[in-house]
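J.: Mind having a look at this structure? Questions to follow.
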């Protein structure tokens, strides 16, 4: 740590680390749900996972995607997946996770600052998080400077939800949309 700031770097995700990245991401999301709802939570996408392998792989493999490992003093402690549209100067934070064993050490905030430094060309960032993830809401709003700009629910759903799926919508699917306009 330098000046009480963690020594964070972002390293491009390597093919031989992909499987562990997915498992670490799933564990971080499952831990968050367990903290909020206990061990018997039904908010899963695939079996026992809060975030499915397919969701993570689609983020990593998406068009204009960039995946990084968050390193603390060279040790893997999390990950981030970004989607960058250089033409529009817009970025989407697809995934950001910190391994639960290293929570509350400023790692996520330092990683986000590193993302902003890495992409000074981006003028607007967006991300989403489930409504029940109080820890994430606090992080994005109070630590990273995002603003809540939309609330997706069964009456107002995100653009990726086909109209025929709206009837299957539940409280578990509710999301906040966050935006950060760079100054």
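Matching residues to (1) crowded, with 21+ Cβ neighbours inside 10 Å; (2) touching a strand residue (DSSP E or B) at 6+ places or on another chain (Cβ under 7 Å); (3) at pLDDT 95 or above; (4) within 14 Å of residue 12 (Cα to Cα):
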{"position": "66", "(1), (2), (3), (4)": "no, yes, yes, yes"}
{"position": "71", "(1), (2), (3), (4)": "no, yes, yes, yes"}
{"position": "78", "(1), (2), (3), (4)": "yes, yes, yes, yes"}
{"position": "81", "(1), (2), (3), (4)": "yes, yes, yes, yes"}
{"position": "88", "(1), (2), (3), (4)": "no, no, yes, no"}
{"position": "103", "(1), (2), (3), (4)": "no, no, no, no"}
{"position": "106", "(1), (2), (3), (4)": "no, yes, no, no"}
{"position": "113", "(1), (2), (3), (4)": "no, no, yes, no"}
{"position": "116", "(1), (2), (3), (4)": "no, no, yes, no"}
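J.: Residues of the range 5-39 being modelled with pLDDT under 95, more than 17 Å from residue 112 (Cβ to Cβ) and not in a helix (DSSP H, G or I), which ones?
T.: Across the range 5-39, the qualifying residues are 38, 39.
J.: If you don't mind, there's one more thing I want to ask. Of the conditions (1) within 18 Å of residue 95 (Cβ to Cβ); (2) free of Cβ contacts under 8 Å to residues at least 40 places away in the same chain; (3) part of a loop (DSSP other than H, G, I, E, B), residue 122 fails just one. Which one is it?
T.: Every condition holds for residue 122 apart from (2).
J.: Given the conditions (1) over 22 Å from residue 173 (Cα atoms); (2) surrounded by fewer than 21 Cβ atoms within 10 Å (Cβ to Cβ); (3) without any contact (Cβ under 8 Å) to a residue 60 or more places away in the chain, which single one is not true for residue 60?
T.: Tallying (1) over 22 Å from residue 173 (Cα atoms); (2) surrounded by fewer than 21 Cβ atoms within 10 Å (Cβ to Cβ); (3) without any contact (Cβ under 8 Å) to a residue 60 or more places away in the chain, residue 60 fails exactly one: (1).
The values are calculated or read from the model by the stated rules, or taken from the named source; none is laboratory data. Small disclaimer: the values here were computed from a predicted structure and weren't measured. FYI the Cβ positions are ideal-geometry reconstructions off the backbone, even for glycines, and counts take in every protein chain you see.
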